[in-house]
Amino acid sequence: MTERQEIEGAGQSAAGESAAGRLYGVGVGPGDPSLITVRAAELIGRADVIAYHCARHGRSHARAIAERYLTGGQIEERLMYPVTVETTDHPGGYRGALDDFYQEASDRLAAHLDAGRMVVVLAEGDPLFYGSYQHMHKRLAHRYPTEVVPGVTSISAAAARLGTPLVEAEEVLTVIPGTLPEEELTARLAATDSAVIMKLGRTFPAVRRALERAGRLDEARYVERATMEGERTGRLAEIEADSVPYFSVAVLPSRVAALDSDGKPFEALAVEGGELPDGETALGEVVVVGTGPAGPLWLTPEARGALANATDLVGYTTYLDRVPVRVGQVRHGSDNKVEGVRAEFALELARRGRRVAVVSSGDPGVFAMATAVLEAACQDPYRDVAVRVLPGMTAAHAAASRAGAPLGHDYAVISLSDRLKPWEVIARRLRAAAEADLVLALYNPGSKSRTTQVGSARDLLLEYRDPATPVVMARDVGGPTERVRTVALAELDPAEVDMRTLLLIGSTQTQWVQRGGDREVVWTPRRYPED
């Protein structure tokens, strides 16, 4: 038996009773009827019922695309939305009005299916990609034999009309509805490699601002009515907002492809002194990026965007290794003890027009690279170079989250490294913080060449704190060798502390509680007792 015979015979059971028909969600592509798939054309021509969604004006883009494949003798079900973007007096509001409409529409289709008819629901693009058909599918597919026929999406059409690859190699494509709040749009655009923003129209001004805030406006391309009559493409920055219809998308194409097409990936620059080359006057930018204490999970969207937008990455090699390699970027790794040299190198690159990301662990403003960069940037010849500092998750906060909430009240952050300040200053600050009964977060507690500081700090603090005061020892938080445990202050062993360890020392109010099994938690009350 052929498929057509199966469909025609589906209306009768063995006993002569009516049997259920079949439901088809059919994608008709982005606009050009010639882009309809062979399967879609066959089903449209065989259908007993052709259904399509439309606004109150009654016109359907999906039907217009499929019109050449209609037979003229089919039942047409026009599923007209009661509202689109306007307000409604429905007691359930906009969502309630749509829910009622979807239920009424699916009931109409169910009546045809119960009568044994073959029902094709037309969907512009792909049925399950931001399509109205999906609301019918959710209500009917579990009740009737159903098939979804994929269609060419507006995303694929837009890329084809631009003639630009969307993604290449390990790039990530993000599809974003333009109806998201502007802040959310900005964050997602900053964090991704490539993107397509759907549903423009009235959202276009916010989308444009989000692209600009994310530093992506120059890359953005605009496609209107791809493959349809009246198609328009161009640079999004040059599009007038009042000319943008709903059937348009914004595209951030592949960066890898852009580098290849230019034929000039980001070249390395020699920066050993000297004046700028003749005719080179444009200044770039230095962005000091906090990557958090470990890998990509700790990066903010803003930091991801800055790392992706940079032509050059500068940093301690260990920290650079946490940043994914991108085609065309130049990576300048160096030793951990040359912060000043690294800062000047980054500023010189920016002075020559490069977009430089200085990679710092944790938060760049906490014992990290922001100070070194700003110190150099306040000197000639770098005073005019733009510098931004992007925050990151600090090691103290990451460690505290693993232990519970030891930083729940006032606390002090002190580095135990005496390379840049004398131990006498460190001891004075430890004593002042202890007398003030502050929780302490101790950075840089020890290293191979600094072995006495942890013991000296412990002994000093024992003059002010109970020997049982909890000390959180957090090593490599977020990393593959993470280890977090709590010991009493009197039992703190300097031999177990290295440069990758951070210490959180409780106040007199900090609690160390066994909650069940072997699980323990450290927390400091928000309320401090009155004297």
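Protection proxy ranking for 286-292, 505-511, using the average of other Cβ atoms within 10 Å per residue and placing the highest first: 286-292, 505-511.
Protection proxy ranking for 437-446, 35-44, using the average of other Cβ atoms within 10 Å per residue and placing the highest first: 437-446, 35-44.
Quick one: dipole size for the chain, taken about the Cα centre, charges +1 on Lys/Arg Cβ and -1 on Asp/Glu Cβ, in debye to the nearest 20.
About 380 debye.
Just the ratio, please: alpha-carbon radius of gyration of the stretch 326-478 over 2.2 N^0.38 Å, N its number of residues. Mind dumping the intermediate values first?
Values: Rg = 18.5 Å, N = 153, 2.2 N^0.38 = 14.9 Å.
Normalised by 2.2 N^0.38 Å, the Cα Rg of the stretch 326-478 equals 1.24.
Dipole of the stretch 312-397 computed with +1 at Lys/Arg Cβ and -1 at Asp/Glu Cβ about the Cα centre; of ASN336, ALA357, THR371, farthest Cα towards the positive end is ALA357. Of the residues ALA386, ALA64, ALA19, the one whose Cα sits farthest toward the positive end of the charge dipole of the chain, with +1 on the Cβ of Lys and Arg and -1 on the Cβ of Asp and Glu, is ALA19. Against the compact-protein benchmark of 2.2 N^0.38 Å, the Cα-based radius of gyration of the stretch 82-218 scales to 1.31. When you filter the trypsin sites (Lys or Arg not before Pro) in the stretch 291-377 for DSSP loop state and at most 10 other Cβ atoms inside 10 Å of their Cβ, you are left with LYS337.
What is the dipole size for the stretch 351-422, taken about its Cα centre, with +1 at each Lys and Arg Cβ and -1 at each Asp and Glu Cβ, in debye to the nearest 20?
On the way: 9 positive and 6 negative charges, 81 e Å.
With Lys and Arg at +1 and Asp and Glu at -1, about 380 debye.
Restricting the calculation to Cα atoms, the stretch 472-531 yields a radius of gyration followed by a Dmax of 13.5, 45 Å.
In this structure, LEU283 and VAL513 have a Cβ-Cβ separation that, at R0 = 60 Å, corresponds to a calculated FRET efficiency of about 0.65.
Checking understanding here: applying a Kyte-Doolittle mean of at least -1.0 and a length along the axis of at least 30 Å (C-alpha), which whole DSSP H helices in the chain pass? Each step should come with its number before you reach the end.
On the way: long enough: 93-114 (31 Å, -0.73).
In the chain, the long hydrophobic H runs are 93-114.
Stretching the chain fully between THR452 and ARG209 yields a gain of 82.1 nm (0.36 nm per residue, less the alpha carbon separation). Excluding ligands, DNA and RNA, the accessible surface per residue across the stretch 376-531 is 54 Å² with a 1.4 Å probe. Net charge dipole, the stretch 99-166: roughly 180 debye, given to the nearest 20, about the Cα centre with Cβ charges of +1 for Lys and Arg and -1 for Asp and Glu. The share of C-alpha pairs in the stretch 30-90 whose separation exceeds 18 Å stands at 42 percent. Taking every DSSP bridge with both residues inside the chain, close to 40 percent are antiparallel. One chain, two ends: ASP384 and ARG235. Fully extended at 0.36 nm per residue, the span grows by 50.7 nm beyond their Cα-Cα distance.
Between SER401 and ALA111, the simple label model (points 7 Å from Cα in the Cβ direction) yields a spacing of 5.5 nm.
In the stretch 52-203, a dipole from Cβ-located charges (positive for Lys and Arg, negative for Asp and Glu) runs towards its positive end, and of TYR144, PRO127, PRO91 it is TYR144 whose Cα lies farthest in that direction.
A Förster radius of 25 Å combined with the Cβ-Cβ distance from THR481 to ALA436 puts the calculated FRET efficiency at roughly 0.15. Database remark: amide H of MET118 closer than 5 angstrom to the amide H of ARG22, ASP48, VAL49 (H placed geometrically; neighbours at sequence offset of 5 or more, or on other chains; Pro and chain starts carry no H).
Shown in residue order for the stretch 240-245 are the 3J(HN,Hα) couplings computed by the Karplus curve 6.51 cos²θ - 1.76 cosθ + 1.60 at θ = phi - 60°: 7, 4, 6, 9, 9, x Hz (x for Gly and Pro). Working value for the chain: equivalent-ellipsoid semi-axes of 60, 33, 19 Å, each the square root of 5 times a Cα gyration tensor eigenvalue, largest first. In this structure, the amide hydrogen of VAL314, modeled 1.01 Å from its nitrogen in the peptide plane, lies closer than 5 angstrom to those of HIS332, ALA357, VAL358, VAL359, counting only residues at least 5 positions away or on a different chain.
The accessible surface of the chain, taken with every protein chain in place and a 1.4 Å probe, is 50 percent carbon and sulfur. In this structure, GLU520 and ASP100 have a Cβ-Cβ separation that, at R0 = 41 Å, corresponds to a calculated FRET efficiency of about 0.15. Summarising the label geometry, the points placed 7 Å from Cα in the beta-carbon direction at ASP335 and GLU491 lie 4.0 nm from one another.
Within the stretch 106-150, the percentage of alpha carbon pairs spaced more than 15 angstrom apart rounds to 38%. Any idea what log10 I(q)/I(0) is at q = 0.14, 0.22, 0.24, 0.25 Å⁻¹ for the stretch 300-385, Debye with uniform C-alpha scatterers and no solvent? Rounded to two decimals, the profile gives -0.43, -1.12, -1.32, -1.41. Heavy atoms of the protein chains alone define the surface here; on that basis the stretch 86-145 has 46 Å² accessible area per residue at 1.4 Å probe size.
Classify the stretch 193-253 as rounded, prolate or oblate from the Cα gyration tensor: take a ≥ b ≥ c as the square roots of its eigenvalues, call it rounded if a/c is under 1.5, otherwise prolate when a/b beats b/c and oblate if not.
Because a/c hits 1.5 or more and a/b exceeds b/c, the stretch 193-253 counts as prolate.
What's the center-to-center distance, using Cα atoms, between the stretch 211-246 and the stretch 397-460 in Å? The stretch 211-246 and the stretch 397-460 have Cα centres separated by 53 Å.
Kindly state, as a whole number, the per residue volume in cubic angstrom of the convex hull around the alpha carbon atoms of the stretch 392-531.
118 Å³
Where in the stretch 431-446 does the amide nitrogen come within less than 18 Å of the point 7 Å from the Cα of ASP410, taken along Cα to Cβ? Answer for the stretch 431-446: 431-442.
The values are calculated or read from the model by the stated rules, or taken from the named source; none is laboratory data. Every value quoted in this text rests on a predicted model; they were computed, and no experiment measured them. Every residue, glycine as well, gets a Cβ built from its backbone with ideal geometry; the counts of neighbours run over all protein chains shown. Note: accessible area is taken over every heavy atom of the protein model, side chains too, but ligands, DNA and RNA are not part of it. Shrake-Rupley method; radii C 1.70, N 1.55, O 1.52, S 1.80 Å.
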